[in-house]
1. Which order do K210, K273 take by accessible area at a 1.4 Å probe, largest first?
2. Would you mind telling me the antiparallel percentage of the DSSP bridges in the chain, rounded to 5?
3. Whole number in Å², please: accessible area per residue of the chain, 1.4 Å probe, ligands, DNA and RNA not counted.
4. Out of the trypsin sites (Lys or Arg not before Pro) in the range 44-80, which ones are loop residues according to DSSP with at most 16 other C-beta atoms within 10 Å?
5. Could you tell me the accessible area of D50 in Å² (1.4 Å probe, neighbours in place), rounded to the nearest ten?
6. Do the alpha carbons of any pairs in K96/K272; K55/K272; K54/K96 sit beyond 26 Å of each other, and which pairs?
7. Using Cα pairs closer than 8 Å and at least 6 residues apart in sequence, work out the relative contact order for the range 1-120, in percent.
8. So if I restrict to the alpha-carbon atoms in the range 156-269, what is the Rg, and what is Dmax, the biggest pairwise distance, in Å?
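The values are calculated or read from the model by the stated rules, or taken from the named source; none is laboratory data. If you're wondering where the values come from, they're calculated on a predicted model, not measured in any experiment. Using ideal geometry, Cβ is built from the backbone for each residue, glycine included, and neighbour counts are taken over all protein chains shown. The protein model used for the area step is the full one, side chains on, heavy atoms only, and it has no ligands, DNA or RNA in it. Shrake-Rupley method; radii C 1.70, N 1.55, O 1.52, S 1.80 Å.
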Amino acid sequence: MTDRVAVIGAGQMGNGIAHVFAQSGIPVTMIDVSEDALQRGRATIETNMDRQVKKSTLSADDKQAALGRIATSTELLAAADATLVVEAATERTDLKFRIFSDLDQIAPAGAILASNTSSISITRIAAQTKRPELVIGMHFMNPVPVMALVEVIRGIATSDATAEAVEELARGMGKTPISCNDYPGFVSNRVLMPMINEAIEAVREGVATKEAIDGIMKLGMNHPMGPLQLADFIGLDTCLAILRVLQDGFGDPRYRPSPLLVRMVDAGWLGKKTGKGFYEYAS
């Protein structure tokens, strides 16, 4: 599986995933429809590696070697030589279905197709292919180079061999794989998103200021980041998409997105990536 990896998407998750593969000695092709996105993604990887060099967690020589392992392409056909493909595109069901249907035609027979989806059913994604036993969820956490967890999600048809190979690879990259079954939101977002949504509702209802809500959760629950700041870092559009998957998947009103979250996304206030969410961020 380490001959060559393809990562679909050059955004904050895609470039982070490409970063950790390359740093682990694995050649990787980062694929995105936008050449500008690829350039930004590669620049982000270099900036993050420079930070590692300054902290003495990566040598300058190893940084250059890792950057040399990263190729880029605007064509999905660049996945034709990959033994593992990790999809990290926008959290939209229709887009992921289309990507996996295309990858099934492009990737070599026997290649594992993984999704970094944070909520969408792996079983449904796998059904878009003729190799459902080789489809799995590899849910990396943001920021990928820093966070240890890879949530490994098995669809109904995912084989033991596929799961074992992915877990072994994650451990080889210094990550900790933890497995769960295919339910909406898996474990991480089934627990996290209702908390974030409730924090947003507390803002909407005037229970406390955003700073107070985040401060109480940080100091009282020992969280490194408050739920509103975390939502900004995840992306409010991504939070909304996940909550809608949870609401549709369970049919339970407790997953209904806060009207404030919906309005902020409608306004284009998506968090750190747009410079404005619950907080403002310098560009």
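1. K273, K210
2. 20 percent
3. Per-residue value: 47 Å².
4. In loop regions of the range 44-80 (DSSP not H, G, I, E or B), the sparsely surrounded trypsin sites (Lys or Arg not before Pro) are K55.
5. We get 60 Å² for D50.
6. Pairs exceeding the cut-off: K54/K96.
7. Relative contact order of the range 1-120: 32 percent.
8. Every Cα atom of the range 156-269 included, Rg and Dmax give 16.8, 51 Å.
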